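The values are calculated or read from the model by the stated rules, or taken from the named source; none is laboratory data. Computed from a predicted structure; not experimentally measured. So basically every Cβ, Gly included, is an ideal-geometry build from the backbone, and we count neighbours across all protein chains shown. Heads up: the accessible areas ignore ligands, DNA and RNA and are worked out on the full protein's heavy atoms, side chains in. Shrake-Rupley method; radii C 1.70, N 1.55, O 1.52, S 1.80 Å.
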Amino acid sequence: MALNPQKIITDITTLAAGRSVCLAYSGGVDSHVLLHLLATTHHPQLAQVRAVHINHGLNKAAAQWAQHCAEVANKLDIPFKNIDVDVQDIDELGMEAAARKARYQALSNELLPDEVLVTAQHQHDQAETLLLQLFRGAGPLGLSAMWPESQSHGMTIIRPLLDVSKHEIVHYAELHQLDWIDDPSNQDTEINRNYLRQTLWPLLQERWPSLEKTIARSAAHCQETSLLLAQLAEQDRAQCQLQKDGHLSIAAVKQLPAERQRNLLRFMIETAGYELPSTAILQRIIEDVISAAEDKTPIVRWSNVEVRRYRDDLYLQTSKHSEPPQAEVTFTGPAELVLSNGCMLKWQLTSGDGLKTSVLNGDVIMRYRQGGEKIRLRGHSQHKSLKQLFQEWSVPPWKRSIIPLFFVGTELVAVVGYGYAEHYAAETGEKGWLPYLAGDFRPDLD
């Protein structure tokens with residue numbers, strides 16, 4: 001069976017939807033064939049195509065490979081860029097994973113806002129990926145392997161060769177007398193994928209000649225299953241998100257069967273862009289956090305992610321949100337500040353809300369809770385302790401120490417995002433400055 005250039009280009013233009021195309025060009029036969037197709041098709045919707053080569057510097061011939069890729073792109077009249085990367089964390093991640101991490105980070109930094117990344121993974125790569133995920137004990141999402149279009153590292157990635165066999169690719173390359181690079185590291189069977197490819201796959205294919213195609217078909221079935229599970233999780237999320245802040249109600253989650261609880265948690269974690277936890281950690285979330293007594297504040301962490309509970313709310317966040325804050329800062333005027341937990345303190349000019357303009361004409365001190373603070377909020381007749389107010393506002397204990405507080409002298413005049421002191425808050429119809437944390441939410445308070 002011959003490779004169908006028209007179908008491949010149609011798939012690319014459909015998925016790219018008018019956006020520019022950037023090809024990840026390694027110089028191997030797969031990406032070389034895709035580069036040749038993009039360069040010779042002259043499709044009107046592919047007027048802006050370029051190629052990027054990532055030089056990992058892990059082979060002594062890496063510089064020559066980069067030069068080869070530049071020459072091939074030049075002959076095909078395709079704009080080309082070489083990017084040298086420093087592969088780190090090899091001992092921790094392994095060579096293959098560390099190189100992949102460096103490669104995708106570099107591509108993410110390089111890609112333009114209205115540009116998609118096109119990669120050359122094919123049907124055999126898809127079958128290998130499913131088997132490797134199976135050996136790791138993955139569920140339907142992992143067994144979905146690679147999708148024709150996906151979002152990763154802030155990029156849209158298109159894989160138009162997932163239905164194309166390796167044999168078809170090599171046949172096309174030989175037919176068009178293409179000159180490609182053979183990376184000798186592909187023979188290193190210490191790498192799991194290479195061991196599967198060089199040692200196990202020939203035995204499997206001898207027994208099941210159509211294995212590549214049938215396993216790739218299984219990946220498509222798992223993708224369909226994953227979509228259905230995501231739709232179910234979306235329905236469960238809508239049922240369990242009872243508050244405006246987006247946190248899940250633990251009481252509502254506990255009404256779901258255990259398998260739907262796990263499905264919802266995976267969905268929430270994935271859509272938040274966090275690394276999925278192991279099965280054991282996922283079970284800990286259910287047993288140690290969801291099943292904990294309401295007056296407890298348990299926590300489960302993995303990588304840089306944490307799941308906590310406070311009262312009936314389940315919180316999913318990065319660990320940086322609970323890191324100790326920076327020292328106090330003195331400023332005059334509505335100054336934007338980058339806080340130590342990664343949030344940005346910003347200001348909005350309002351009418352009848354926030355701090356009076358006159359307050360910001362003098363020195364304002366921003367610092368964090370130390371204990372014993374009191375404030376008389378606008379419209380209140382008495383002072384209340386910050387501790388009492390945080391309880392009334394249902395602020396989780398771990399967030400209380402990272403909420404910025406504004407002082408004029410020694411007097412607490414604002415709790416950012418929550419309230420302002422009498423005599424310092426803008427009156428009705430008066431211009432005021434409303435401080436807020438970018439990316440955070442401002443609750444509706446009485």
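Hey, among the residues in segment 380-401 that are out of contact with any helix residue (DSSP H, G or I) (no Cβ under 7 Å at 6 or more places or on another chain) and hydrophobic (A, V, I, L, M, F, W, C), which one's nearest to residue 365 (Cα to Cα)? Per the stated criteria, the residue is 386. Scanning segment 201-235 for residues that are over 25 Å from residue 261 (Cα atoms) and touching a helix residue (DSSP H, G or I) at 6+ places or on another chain (Cβ under 8 Å) yields 201, 204, 205, 208, 211, 212, 213, 215, 216, 218.
Among strands (runs of 3 or more DSSP E) entirely within segment 1-100, having at least 1 residues that are open to solvent by 60 Å² or more (accessible area, probe 1.4 Å) singles out 80-84.
This table checks each residue for (1) within 26 Å of residue 400 (Cβ to Cβ); (2) within 24 Å of the chain's Cα centre (by Cα).
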site	(1), (2)
227	no, yes
234	no, yes
237	no, yes
261	no, yes
268	yes, yes
291	yes, no
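Considering only segment 375-391, state which residues are closer than 21 Å to residue 353 by Cα and out of contact with any strand residue (DSSP E or B) (no Cβ under 8 Å at 6 or more places or on another chain). Of everything in segment 375-391, those that are closer than 21 Å to residue 353 by Cα and out of contact with any strand residue (DSSP E or B) (no Cβ under 8 Å at 6 or more places or on another chain) turn out to be 379, 380, 381, 382, 390. Here residue 363 fulfils each of the conditions (1) open to solvent by less than 30 Å² (accessible area, probe 1.4 Å); (2) more than 18 Å from residue 397 (Cβ to Cβ); (3) not hydroxyl-bearing (Ser, Thr, Tyr) apart from (1). Inspect segment 126-138 for any residue being within 19 Å of the chain's Cα centre (by Cα) and over 15 Å from residue 196 (Cβ atoms) and give the result as yes or no. Within segment 126-138, not a single residue is within 19 Å of the chain's Cα centre (by Cα) and over 15 Å from residue 196 (Cβ atoms).
Here residue 145 fits the description: on the phi > 0 side of the Ramachandran plot and out of contact with any Cys (no Cβ under 6 Å at 6 or more places or on another chain). Pull up segment 250-295, narrow it to residues that are small (Gly, Ala, Ser) and within 15 Å of residue 317 (Cα to Cα), then point me to the one that is least open to solvent (accessible area, probe 1.4 Å). Restricting to residues being small (Gly, Ala, Ser) and within 15 Å of residue 317 (Cα to Cα), the top hit is 272. Those residues that are assigned to a strand (DSSP E or B) and either more than 30 Å from the chain's Cα centre (by Cα) or at pLDDT 90 or above (or both), I need them from segment 314-345; list them, please. Hits for segment 314-345 are 314, 315, 316, 329, 330, 331. Condition check for residue 110 on (1) touching a residue at least 40 places away in the same chain (Cβ under 8 Å); (2) acidic (Asp, Glu); (3) closer than 23 Å to residue 173 by Cα: one failure, at (3).
For beta carbons closer than 9 Å, sequence separation of 6+ or different chains, a first residue in segment 400-414 that is under 15 Å from residue 371 (Cβ atoms) and a second that is open to solvent by 50 Å² or more (accessible area, probe 1.4 Å) and assigned to a helix (DSSP H, G or I), the qualifying pairs are 400/387; 402/321.
Each row is one residue, and each column tells you yes or no for (1) open to solvent by less than 70 Å² (accessible area, probe 1.4 Å); (2) under 22 Å from residue 319 (Cα atoms); (3) at pLDDT 90 or above.
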residue: 371; (1), (2), (3): yes, no, no
residue: 378; (1), (2), (3): no, no, no
residue: 387; (1), (2), (3): no, no, yes
residue: 394; (1), (2), (3): yes, yes, no
residue: 399; (1), (2), (3): yes, yes, no
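Within segment 338-360, the set of residues being open to solvent by less than 30 Å² (accessible area, probe 1.4 Å) and more than 17 Å from residue 431 (Cβ to Cβ) comprises 339, 341, 343, 345.
Among residues of segment 422-446 that are open to solvent by less than 60 Å² (accessible area, probe 1.4 Å), those with a Cβ under 8 angstrom from a residue that is modelled with pLDDT under 85 and not in a loop (DSSP other than H, G, I, E, B), sequence gap 6+ or separate chain, pair up as 437/344; 438/344. Note on segment 175-193: residues that are free of Cβ contacts under 8 Å to residues at least 24 places away in the same chain and closer than 16 Å to residue 122 by Cβ total 1.
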